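Written below as structure tokens is the structure these notes are about.
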Amino acid sequence: MKKNTFKDYKVAIKEQYEQSKAKDASGILAHPTPAQLRHFCMLMCDKGLRKKDEEVFGLFFERREGEALKKAIDRVNIDKFKTVISFLKGNKDSDISTRVELAAILVDFESRPYVVFSNLVQQVEVATDKVTPEVQLPSSTKEDLTTIPQPPVQSDRFLIWFEKNKLPFLLGILFLAVSVFGLLTFLFSKEDCMQWQVDHYVSVACEGEQHSLMASTIIPADKRLTDFRKIVVDETTAFFASDGKPLIWYCKVNAHRIDFFTSNGNGFHPETGKALRPVSQYIVNKYVLGKK
């Protein structure tokens, strides 16, 4: 038995895609285009979405606070669907969770999101048609076997000692096993890596896959990212120190979105990889205060 990985999840989604193409009467999945997928998402909204599916839609389409989901879908640049199409067709792999989760919704993969799929256990059953034949002994032989004298049981000093000290012995073994397990866990399961989740980095184990709905690629631990956070700013935010030096950093994600951070971190946006820049009065006036 083993736990399903994120790689297994992606393979299962692509297999489901092949089945869904044959069932889709609209033909959108068989020959998807960015415009058709956007229309397909609109139809899914009209039919109703699961709570988790709605969360994925909100993240993928960068839904603004208080904004209707269909409006966010209509607003998004349709080129964003190209990456989903490439993933489904196997032209280009992806480890971006929201992209993979949207693909799972489009093909109606039942065991979604990944957190559900990862808890399913693969079971391997070994079947055999071999039957051990029953050996038939002549009746005379059976009778002879019952008359063969058995050797006397030899007394065993260890068994005698074990019977007298069974409880302390078992407790000692249990204590030793727990101690060894704890030591191995401490030595080999240290969290020496980091992963961006929602608005900050969290410590994770370097080995194994640490995916969630809103998680990114695992990276080596970096002290510069310990207190690095994405924040929501307004007119009350302190953007500059008393000497005029910027306290906030920013990155333009697209024409409609700009993200702000508490520091320069490692110099890059954790989700897009774009360079971070120190905030200026122009940026504050235009994107926070609404001044032209």
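Residues in the stretch 235-271 that are in contact with a Leu (Cβ under 9 Å, 6 or more places away or on another chain), part of a loop (DSSP other than H, G, I, E, B) and more than 24 Å from Asp222 (Cα to Cα): Glu235, Thr237, Ala238, Phe239, Ala241.
Among residues of the stretch 18-31 that are within 13 Å of Ile85 (Cβ to Cβ), those with a beta-carbon under 6 Å from a residue that is modelled with pLDDT of 85 or more and assigned to a helix (DSSP H, G or I) at least six positions away or on a different chain give the pairs Ile28/Gln36; Ile28/Phe40; Leu29/Ser20. Filtering the stretch 41-77 to residues that are open to solvent by 50 Å² or more (accessible area, probe 1.4 Å), among the hydrophobic types (A, V, I, L, M, F, W, C) and under 24 Å from Asp95 (Cβ atoms) leaves only Leu59.
Test Ile73 against the stated conditions and say whether it is out of contact with any Asp or Glu (no Cβ under 7 Å at 6 or more places or on another chain), in a helix (DSSP H, G or I) and at pLDDT 90 or above.
On the way: out of contact with any Asp or Glu (no Cβ under 7 Å at 6 or more places or on another chain): yes; in a helix (DSSP H, G or I): yes; at pLDDT 90 or above: yes.
When the stated conditions are applied, Ile73 passes them.
Lys245 falls short on exactly one of the conditions (1) in contact with a strand residue (DSSP E or B) (Cβ under 9 Å, 6 or more places away or on another chain); (2) under 21 Å from Glu65 (Cβ atoms); (3) loosely packed, with under 11 Cβ neighbours inside 10 Å, and that condition is (2). Taking the criterion of being on the phi < 0 side of the Ramachandran plot and within 20 Å of the chain's Cα centre (by Cα), would at least one residue in the stretch 63-70 satisfy it? There is no residue in the stretch 63-70 that is on the phi < 0 side of the Ramachandran plot and within 20 Å of the chain's Cα centre (by Cα). Out of the residues in the stretch 42-70 that are part of a helix (DSSP H, G or I) and touching a residue at least 40 places away in the same chain (Cβ under 8 Å), which is farthest from Val198 (Cα to Cα)? Among those that are part of a helix (DSSP H, G or I) and touching a residue at least 40 places away in the same chain (Cβ under 8 Å), it is Met44. Listed by first and then second residue, the pairs with beta-carbon distance under 9 Å, at least 6 apart or on different chains, first residue in the stretch 95-109 and closer than 16 Å to Lys51 by Cβ and polar (S, T, N, Q), second crowded, with 22+ Cβ neighbours inside 10 Å and modelled with pLDDT of 90 or more, are Thr98/Val56; Thr98/Phe60. Checking each residue in the stretch 78-105 for being closer than 20 Å to Val198 by Cβ, open to solvent by 20 Å² or more (accessible area, probe 1.4 Å) and in contact with a Leu (Cβ under 9 Å, 6 or more places away or on another chain) picks out only Thr98.
Any residue that is of a type in the set (S, T, N, Q), open to solvent by less than 60 Å² (accessible area, probe 1.4 Å) and either farther than 15 Å from Phe109 by Cβ or not in a helix (DSSP H, G or I) (or both) - is there at least one of those in the stretch 12-21? Walk me through how you get there before you give the answer.
First, pick out the residues of the stretch 12-21 that are of a type in the set (S, T, N, Q): 16, 19-20.
Narrowing the set further to residues that are open to solvent by less than 60 Å² (accessible area, probe 1.4 Å) leaves 16, 20.
Of the ones still in play, those that are also either farther than 15 Å from Phe109 by Cβ or not in a helix (DSSP H, G or I) (or both) are none.
Within the stretch 12-21, not a single residue is of a type in the set (S, T, N, Q), open to solvent by less than 60 Å² (accessible area, probe 1.4 Å) and either farther than 15 Å from Phe109 by Cβ or not in a helix (DSSP H, G or I) (or both).
The values are calculated or read from the model by the stated rules, or taken from the named source; none is laboratory data. As the structure is a computational prediction, the values presented were derived from the model and not from experiment. Cβ: placed from backbone, ideal geometry, glycine included. Neighbour counts: every protein chain shown. All accessible areas refer to the heavy atoms of the entire protein, side chains included, with ligands and DNA or RNA removed. Shrake-Rupley method; radii C 1.70, N 1.55, O 1.52, S 1.80 Å.
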